[in-house]
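A short reminder: the numbers here are calculations on the coordinates, not readings from a lab. Bear in mind that the values here come from a model prediction, so they are computed numbers and not experimental data.
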Amino acid sequence: MNIREAIEASLELERKIRGHYKEAAEKTESRTGKNFFGTLAKEEDGHVSYLKKMEEEYGKTGAVPEEPLSTIFTRTEWVIESSEAVRSEAERLGCKSEMERLLTALKLEEEATRHYEKLAASLGPEGGRLFGQFIRIEEAHTALVRAEVDYFNRSGYFYDFPEFSLEAME
């Protein structure tokens, strides 16, 4: 796979993820759920725009410009606040379909992370620079969605950390 093909494959994946989040935002009943999925759709829309720009520049010059990929997730606190708001409202409404949407989102985000890891490792320095930026962001998306899934499943974990431990009480 070359850079152009990798950008095209990435665009297809990002559009698929964006479509899931847009649909989830439309179908979700809770206001905070709509905001949660809508925000992730907006983030994925930024990824699509970025990749389209990289594809255009690569077509013109044969090189990928050194332009950073921006994210709307700039504050860790915002991610935690958003998660808490979604959990409390979804729990109040008892939304089973929310969980199904979250599980689909988790699979998509994990797929995206693996996709970008593979591209960054296999396409040399230029591919590593371009697709490596996505890894950090996709990992953050995965952590956010996983935290929601863990909470709904009552796994006792929040962001991969135990919320409560009997061993700590001994």
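Each residue of the range 125-133 was assigned a 3J(HN,Hα) from its phi angle through the Karplus expression (A = 6.51, B = -1.76, C = 1.60, θ = phi - 60°), giving x, 5, x, x, 5, 5, 8, x, 4 Hz with x at Gly and Pro.
Residue by residue, the range 18-24 carries 3J(HN,Hα) couplings of 4, x, 4, 5, 5, 5, 4 Hz when phi is fed to the Karplus relation 6.51 cos²θ - 1.76 cosθ + 1.60 (θ = phi - 60°); x denotes Gly or Pro. Listed by chain and number, the lysines whose C-alpha is less than 26 Å from the C-alpha of residue 52, apart from same-chain residues fewer than 8 away, are 16, 22, 42, 60, 107, 118.
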